[in-house]
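The values are calculated or read from the model by the stated rules, or taken from the named source; none is laboratory data. This structure is a prediction, so every number in the text was calculated from the model and none was measured. Ideal geometry is used to build each Cβ from the backbone, glycine not excepted, and the neighbour counts take in all protein chains shown.
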């Protein structure tokens, strides 16, 4: 098996209401990479958010007392903290320059995934994550299928830090048309022993692989084509990747 | 940029003292994939351990009182737990079927990375991680350079769970000839804003990408060739990826 990973060139800066499927088809075609069945497209969450108009102005919000308190603890803008709280279920950790929460979508991350870079509207506008990235992924998949006849997988990716390791990695926050988690339990190893506990965070692996060609320093390459993957025919969801609090094994 | 990921075929079951460099050169040549400068080879830690003879017999160990207590808590074999403790700095969490520790190498993982599958010696023998995987990676890199003249990067990979996410991913526990962490701080985004905090866990991304073709279910494919990566000329170490306790942001 040989897998190739390449970023699609010439995706423009996406604006609210833009047709992502059209941009992707154009970019893939322009690069001589007509989409094929079983291709997986990894889409930076930022352009999904932009297409969905998920901008929020710091001028439009009044921080709650909790936001003001956390702003003092973290040294962050209280209005940004207010948006973080609105996007979160609970605060996991706050400290100087650190605000980690459990997002309403279930994952644990810094600043609720709210992006202040590359928003390009004077510094007072931030970008929230898509409302429902799994649904966004499914819509994009359906749009691409309708226009090309091709059945691709979609991973909407974000960049997360890790509790115990240095450096960010790619994670899947939206998935359609491929497994999010692959369960290997019950398969046998080389010597015939049944594997007891083994699952792969498959869509996270795909998101991390895409970061090798479209890392955070390469903001102009938000769509990555991954070709040649072999995966079971499962239509997973990024929510499959969420470990709920009761199962948090490392705390 | 286009990156290709492929597993090398026909790597035999590795035994203590085996010459990994020779096996890799043979396998790459047999597949028509002569090594090139800037190729990165991702090596499953298991075959490094096997080549280094890191087998341990459950018959050779007497569990300490702490091991016996943790065995009762976790339901695991007290002799296995004894090896886990010998390989660990501290216990992070213990519960039914769960034993998470900070490994002597610095990372936090389940069962100190000790492998009971695929050891193939009757079930009473386990396989410990390499003594010093960064050094193993550097030795392998030097051996390949000496015999082929080619300068490759080496990632020795393992499979870790995550505290807040379902499914295992690939991580780097040994690195040579490529950056382990890439620091993007100080670079500017599309709109000219300087990025404040941004580092990539680069060698972990590479390890996870390799898992797409050599996942845990594919024990016969322990060497993966990653070609086409563009990375800064840094000779990183997996220890760069360790977040020390004082910086654990999520606890």
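Remarks
- Scanning the stretch A:106-118 for residues that are out of contact with any strand residue (DSSP E or B) (no Cβ under 9 Å at 6 or more places or on another chain) and more than 12 Å from chain B (Cβ to nearest Cβ) turns up nothing.
- Selection count where residues are outside any loop (DSSP other than H, G, I, E, B) and buried (at least 16 other Cβ atoms within 10 Å of the Cβ), scope the stretch A:74-87: 9
- The lone criterion from (1) within 25 Å of residue A:109 (Cα to Cα); (2) modelled with pLDDT of 95 or more left unmet by residue A:226 is number (1).
- Among the residues of the stretch B:132-142, some residue qualifies, meaning at least one is part of a loop (DSSP other than H, G, I, E, B) and out of contact with any helix residue (DSSP H, G or I) (no Cβ under 6 Å at 6 or more places or on another chain).
- Annotation: of all residues in the stretch A:1-23 being within 14 Å of chain B (Cβ to nearest Cβ), part of a loop (DSSP other than H, G, I, E, B) and touching a residue at least 24 places away in the same chain (Cβ under 8 Å), the one that is surrounded by the fewest Cβ atoms within 10 Å (Cβ to Cβ) is A:15.
- Screening residue A:93 on (1) at the interface with chain B (Cβ under 9 Å from one of its Cβ atoms); (2) under 29 Å from residue A:230 (Cα atoms) shows it passes everything except condition (2).
- Condition check for residue A:62: in a loop (DSSP other than H, G, I, E, B) and at pLDDT 95 or above: yes
- Residue in the stretch B:162-180 that is surrounded by the most Cβ atoms within 10 Å (Cβ to Cβ), counting only those that are at the interface with another protein chain (Cβ under 10 Å from one of its Cβ atoms) and part of a strand (DSSP E or B): B:172
- Check on residue A:56, over 26 Å from residue B:5 (Cβ atoms), away from chain B (no Cβ under 12 Å) and in a strand (DSSP E or B): yes
- Odd one out for residue B:217 among (1) modelled with pLDDT of 95 or more; (2) within 22 Å of residue B:6 (Cα to Cα): (1)
- The requirement of being assigned to a strand (DSSP E or B), away from chain B (no Cβ under 13 Å) and under 23 Å from residue A:160 (Cβ atoms) is not satisfied by residue A:67.
- Filtered residue count, the stretch B:24-64, keeping only those that are within 30 Å of residue A:230 (Cα to Cα), surrounded by 15 or more Cβ atoms within 10 Å (Cβ to Cβ) and in contact (Cβ under 8 Å) with a residue 60 or more places away in the chain: 19
- Out of B:21, B:56, B:72, sole residue that is in contact with a helix residue (DSSP H, G or I) (Cβ under 6 Å, 6 or more places away or on another chain) and more than 28 Å from residue B:232 (Cα to Cα): B:56
- The one condition in (1) buried (at least 20 other Cβ atoms within 10 Å of the Cβ); (2) closer than 20 Å to residue B:135 by Cβ that residue B:110 fails to fulfil: (2)
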